[in-house]
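Chemist: This structure is in structure tokens; I'll ask about it shortly.
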Amino acid sequence: MSIDFWSLGLQAVNVIILIWLLSRFFWRPVAAAISKRQDAVGTLLSDAQTAKTNADTLLAEVTTAREGIAAERETMLTEAAKTAEIAANLTLTNAQKQAQTLIDTAQLESVREADALRAELTAQATQLAVNIAQKLLSRLDTAVVQSAFVGLLVEAIGALSADDRQSLRAADQGIEMVSTLDINEQDKATLTQALGQALGSLPALTFVSDSELIAGLEIKTPHFALHNSWQSDLTTIAKALNHAE
Amino acid sequence: MKSPLQANVLFQLGPVPITEAVITTWAIMVVLILGSLLLTRHLATRPGKRQAMLELIVVTLDTQIRETTGAAPASYRGFIGTLFLFILVANWSSLIPGLTPPTAQLETDAALALLVFLSIIWFGISKGGVRGYFKSFAAPNLIMIPLNILESVTRIFSMFVRLFGNVMSGVFVIGIVASLAGLLVPIPLMALDLLTGLVQAYIFAVLAMVFITATVEESQPTVKDSTPVSPLLERES
């Protein structure tokens, strides 16, 4: 057994050449392909991570915006509710005011109508009383009624104050005696005598008739009037009734 | 029957005898290189089946190197991978009738062992420097220098003797059985020879890695151990 060193060296050179060639044409290209793909995968993973980060950021922004929208919606709803409540209160207040105004107007109108009705009723009652009084008077003796009113007139003159009696006596244009019917001469003389006794001195008398008095005898001067008739009594009663109501 | 220990010289190139093993080696080289050129054409980022197979080979080799050396596989990949591929193809070339694998010849295995020996020196110096490489012989202490030098030679010697013995014996046994029993009888032994060829290629490559790694690690500057602080007793004043 012997070793051929020429063959040993030649085989060593062959293997070295093979190592070099395979390193160049096999190991490096395949390893480079692996490395290249690993780099590509790394890049893809990095891009994916970046995209995921961006997506997470966008999701966070969307979530924040959605929360903002929800808060804004809540705020708007609250404001709208407040506005609606204020408007409703305002409308209710206006409606109440208008209703109160209508009620007040209606009440005033009702009072006015009641007053008008009462006045009309009073007028009708007064007219009815006048009619009754006229019918009742028609059954009485006119002279007796007249003398009664004369007596009442004399009493009224006596109840006047001294100043009033003085103003009657000093009437420049005389005294107008108003009666329901025309007074005859005898009654005029009697009446003139009675007034003269009541006033002391007597200015000129003028006798006129007025059926509106119903019954009675009144004195009128330009500055003075002494009512003494059923017509004035009824007017006084009607006023009293109106004031009483 | 011709002795397997004797090289079959086909012709002479001056003083250099060209043996059958050398011619077979050249043929294997051509096949491997042409195969590499063909297989590594059109490598793409999205691999096909062919590229996936190539990448599986490279990744497996890188994983083996990384697990054995603990270092990046790029600087060892070409040497260790080519050793494995060449020995594997050479061992399996015995399947071709009438062809003697180059690894069944002492000169081829010796040449491979010589390259491993030189690569140990090369990687030891390139990783740890000349001083570091020579310091690796003094591990763990100076007394071990003669033994380490002897070991660096004997382990290489054992590598090529192991490879040579296994491959040569396989070829020898198959030749004896074929000459005695006929053509079809050695087929089971040839199948066993395939397994033996694969295992021997793997063992040779792994041993080369282990030897290189041991030298590289021992040539690296050592980090002094810090004084242990545990157990640490603390007293409260």
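Chemist: Of everything in the range B:72-86 that's more than 8 Å from chain A (Cβ to nearest Cβ) and open to solvent by 40 Å² or more (accessible area, probe 1.4 Å), which residue is nearest to residue A:24 (Cα to Cα)?
Modeler: For the range B:72-86, the residue satisfying everything is B:75.
Chemist: Restricting to the range B:120-141, name every residue that is within 13 Å of chain A (Cβ to nearest Cβ) and open to solvent by less than 10 Å² (accessible area, probe 1.4 Å).
Modeler: none
One line per residue, one yes/no per condition, for (1) in a helix (DSSP H, G or I); (2) open to solvent by 70 Å² or more (accessible area, probe 1.4 Å):
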| site | (1), (2) |
| --- | --- |
| A:128 | yes, yes |
| A:133 | yes, no |
| A:149 | yes, no |
| A:153 | yes, no |
| A:156 | yes, no |
| A:171 | no, no |
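Chemist: If you don't mind, another one. When you check residue A:187 against the structure, is it open to solvent by 70 Å² or more (accessible area, probe 1.4 Å) and either outside the structural domain of residue A:230 (by TED's automatic domain parsing) or assigned to a helix (DSSP H, G or I) (or both), yes or no?
Modeler: No, not satisfied.
Chemist: Report yes if residue A:192 is among the β-branched types (Val, Ile, Thr), assigned to a helix (DSSP H, G or I) and surrounded by 12 or more Cβ atoms within 10 Å (Cβ to Cβ), otherwise no.
Modeler: In short, yes.
Chemist: Something else: For residue B:67, all conditions in the list (1) outside any loop (DSSP other than H, G, I, E, B); (2) within 25 Å of residue B:170 (Cβ to Cβ) hold save one; what is the number of the exception?
Modeler: With respect to (1) outside any loop (DSSP other than H, G, I, E, B); (2) within 25 Å of residue B:170 (Cβ to Cβ), residue B:67 is out only on (2).
Chemist: Here is a further query. So residue A:228 fits all but one of (1) closer than 12 Å to residue A:152 by Cα; (2) open to solvent by 50 Å² or more (accessible area, probe 1.4 Å); what number is the exception?
Modeler: So the condition that residue A:228 fails would be (2).
Chemist: Here is a further query. Which residues, taken from the range A:195-225, are without any contact (Cβ under 8 Å) to a residue 60 or more places away in the chain, surrounded by 16 or more Cβ atoms within 10 Å (Cβ to Cβ) and among the small types (Gly, Ala, Ser)?
Modeler: Matches in the range A:195-225: A:198 only.
Chemist: If I go through the range B:34-55 residue by residue, how many of them are within 9 Å of chain A (Cβ to nearest Cβ), assigned to a loop (DSSP other than H, G, I, E, B) and open to solvent by less than 80 Å² (accessible area, probe 1.4 Å)?
Modeler: Selection size over the range B:34-55: 5.
Chemist: Here is a follow-up. Can you tell me which residues in the range B:92-119 are without any contact (Cβ under 8 Å) to a residue 40 or more places away in the chain and open to solvent by 40 Å² or more (accessible area, probe 1.4 Å)?
Modeler: B:96, B:97, B:98, B:117, B:118
Chemist: Given B:31, B:89, B:58, which one is buried (at least 18 other Cβ atoms within 10 Å of the Cβ), touching a helix residue (DSSP H, G or I) at 6+ places or on another chain (Cβ under 9 Å), more than 9 Å from every other protein chain (Cβ to nearest Cβ) and not in a loop (DSSP other than H, G, I, E, B)?
Modeler: B:89
Chemist: Residues in the range A:22-44: is at least one of a type outside the set (Asp, Glu) and away from every other protein chain (no Cβ under 14 Å)?
Modeler: No, the range A:22-44 contains no residue that is of a type outside the set (Asp, Glu) and away from every other protein chain (no Cβ under 14 Å).
The values are calculated or read from the model by the stated rules, or taken from the named source; none is laboratory data. Keep in mind that this is a model prediction, so the values were computed, not measured. Reconstructed Cβ throughout: ideal geometry from the backbone, glycine too, with neighbour counts over all protein chains shown. SASA here: full protein model, heavy atoms, side chains in, ligands and nucleic acids out. Shrake-Rupley method; radii C 1.70, N 1.55, O 1.52, S 1.80 Å.
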